[in-house]
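To start, the structure itself, in structure tokens.
What follows is calculated from the coordinates using simple rules that are stated; it is not laboratory data. Worth saying up front: this structure is predicted, and the values here are computed from it rather than measured. Methodologically, a virtual Cβ is constructed for each residue, glycine included, from the backbone with ideal geometry; neighbour enumeration extends over all protein chains shown.
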Amino acid sequence: MKIMNCPLNGPRNISEFVHGGEVSQMPDPNSCSDMEWADYVFYSDNAIGIVTEWWLHAPSGYWFIAERHTASDEIIRTFDASEIFNQRYEFPIKAEEAVV
């Protein structure tokens with residue numbers, strides 16, 4: 001059984017987690033092209049080596065970051081996203097999308 005250490009819940013069975021993709025720099029959604037946005041959302045480098053990825057502990061709904069080696073699938077470390085991100089990005093809501 002493969003175990004992953006959740007920073008919030010401790011060591012858990014890997015079946016409790018969902019992969020969320022690589023951590024990468026988000027382009028400015030107000031000025032980037034559709035191609036740049038699609039590249040950010042849908043594509044990853046897919047390189048062999050250590051990658052930084054988003055993971056979700058599904059039972060608790062907790063998102064965190066893990067460093068994982070893609071060739072061996074070894075999880076190097078896991079940590080709270082606040083170690084990298086200190087600001088929240090709020091997407092502007094268009095008037096026609098607002099829920100009243």
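Could you order the peptides 51-57, 4-10 from most to least packed, using the average number of other C-beta atoms within 10 Å per residue?
Packing proxy ranking, top to bottom: 51-57, 4-10.
As a test of the formula, what do you get for the chain when each DSSP H run with n ≥ 4 contributes -39,500 (n - 2.57) and the sum is divided by the residue count, at 222 nm and rounded to the nearest 500 deg cm²/dmol? Write down the numbers at each step before the final one.
Working: 1 runs with 9 residues, N = 100.
For the chain, the value works out to -2500 deg cm²/dmol.
Could you list log10 I(q)/I(0) for the chain at q = 0.19, 0.23 Å⁻¹, which the Debye formula gives when each Cα is one point scatterer?
For the requested q values the scattering log ratios are -1.04, -1.26.
Within segment 49-87, what residues put their amide N at less than 17 Å from the label point 7 Å along the Cα-to-Cβ vector of SER24?
49-55, 66, 68, 70
Going by how many other beta carbons lie within 10 Å of each one, how would you line up PHE79, PHE42, fewest first? All intermediate terms of the calculation are to be shown ahead of the outcome.
On the way: PHE79 14, PHE42 8.
The order, fewest Cβ neighbours first, is PHE42, PHE79.
Using amide H atoms built 1.01 Å from N in the peptide plane, name the residues 5+ places from VAL23, or on other chains, whose amide H lies under 5 Å from its own.
THR52, GLU53, TRP54
May I ask you to derive the FRET efficiency for TYR43 and ASN13 from their Cβ-Cβ distance with R0 = 22 Å, giving the value to the nearest 0.05?
After rounding, the FRET efficiency stands at 0.15.
Tell me, what ³J(HN,Hα) does each residue in segment 29-43 have, in order and in whole Hz, if you take phi through Karplus 6.51 cos²θ - 1.76 cosθ + 1.60 with θ = phi - 60° and put x for Gly and Pro?
Along segment 29-43, the couplings run x, 7, 10, 7, 7, 4, 5, 5, 5, 4, 4, 5, 6, 9, 10 Hz.
Would you mind counting up the charge near ASP28? Only other residues with Cβ under 15 Å from its Cβ, with Lys and Arg at +1 and Asp and Glu at -1.
Result for the neighbourhood of ASP28: -4.
Each residue of segment 70-83 in turn: what ³J(HN,Hα) in whole Hz from Karplus with 6.51, -1.76, 1.60 and θ = phi - 60°, glycine and Pro shown as x?
6, 7, 9, 6, 6, 8, 6, 7, 10, 7, 5, 4, 5, 5
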